[in-house]
Amino acid sequence: MLEVGTKAPTFTLPDQDGKEVSLSDFAGKKVVLYFYPKDNTPGCTRQACAFAAAYEDFKKLDVVVIGVSKDSAASHRKFADKHELPFILLSDPERTVIQSYDVWKEKMLYGKTCLGVVRATYVIDENGMIEKVMPKVKPDTNAAELLAYLQGNG
């Protein structure tokens, strides 16, 4: 995982509408950048829905929420529509951003070791620096833990 206090790797990826989104688009704002394995899987759906439920609270804090996986923009569009996700989902099929944020790791899946995206979250501050690193987050509590942290209670 990347270290707190280091410069966040810059990126430009397509969102669920195929529009290019760059980290630099959000200069001056805090960004919650969360990485997840796959659209429409049980854990990823619970995590995304928890972020959606808390989205207004993130907006009140002027925090941008961005989810990243290696799914296609079309898959993200269906996922966002199906679950009414109000935030940005970025498509990284080449895993360039996934690898630059060090979340492409060996993991156990059904008793087998494989490479995949580990569920992790970064908070990037207004100056593009990594402020908080949350490795191995739980889908059901990730959004609430981030809100508590951002509100000064975490």
Okay, helix-only estimate at 222 nm for the chain: each DSSP H run of n ≥ 4 adds -39500 (n - 2.57), divide by all residues, round to 500 deg cm²/dmol; what do you get? -7500 deg cm²/dmol
When the chain is modelled as a GNM with alpha-carbon springs shorter than 10 Å, which of Y122, Y34, Y110 fluctuates the most? Y110
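Too long at a 26 Å Cα-Cα cut-off: which of K19/K105; K70/K112; K38/K82; K82/K107; K38/K107; K78/K138? Don't jump to the answer; show the numbers that get you there.
Numbers: K19/K105 28 Å; K70/K112 20 Å; K38/K82 14 Å; K82/K107 28 Å; K38/K107 14 Å; K78/K138 23 Å.
The answer is K19/K105; K82/K107.
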Based on the Cβ-Cβ distance from T41 to E3, what FRET efficiency comes out when R0 is 22 Å, to the nearest 0.05? 0.15
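Taking Rh as the Kirkwood radius computed over C-alpha pairs, what is the Stokes-Einstein D of region 1-94 at 10 °C in a medium of viscosity 1.306 mPa s, expressed in µm² per second? All intermediate terms of the calculation are to be shown ahead of the outcome.
Details: Rh = 13.7 Å.
My calculation gives 116 µm²/s for D.
Pull out a ≥ b ≥ c, the square roots of the eigenvalues of the alpha-carbon gyration tensor of region 16-58, then state rounded if a/c is under 1.5, prolate if not and a/b is larger than b/c, and oblate in the remaining case. It would help to have the intermediate numbers written out before the result.
Working: a/c = 2.31, a/b = 1.43, b/c = 1.61.
Oblate, since a/c reaches 1.5 and b/c is not below a/b.
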Which one, Q99, Q16, Q47, has the greatest fluctuation when you compute a Gaussian network model over the chain with C-alpha springs under 10 angstrom? Q99
Can you give the FRET efficiency for R95 and E56, using 1/(1 + (r/R0)^6), R0 = 22 Å, r = Cβ-Cβ distance, to the nearest 0.05? 0.10
How far, in nm, would the chain grow between K112 and K19 when pulled straight, counting 0.36 nm per residue and subtracting the alpha carbon separation? 29.9 nm
Env charge @ A80, Cβ radius under 12 Å, K,R +1 / D,E -1, value -3
With the chain treated as a Gaussian network of Cα nodes joined by springs under 10 Å, which of F11, F35, F51 yields the largest mean-square fluctuation? F11
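Where a number appears in this text, it was derived from the coordinates with a stated rule and is not lab data. Computed from a predicted model, the values in this text were never measured in an experiment. For neighbour counting, all protein chains shown are included, and Cβ atoms are generated from backbone atoms with ideal geometry for every residue, glycine included.
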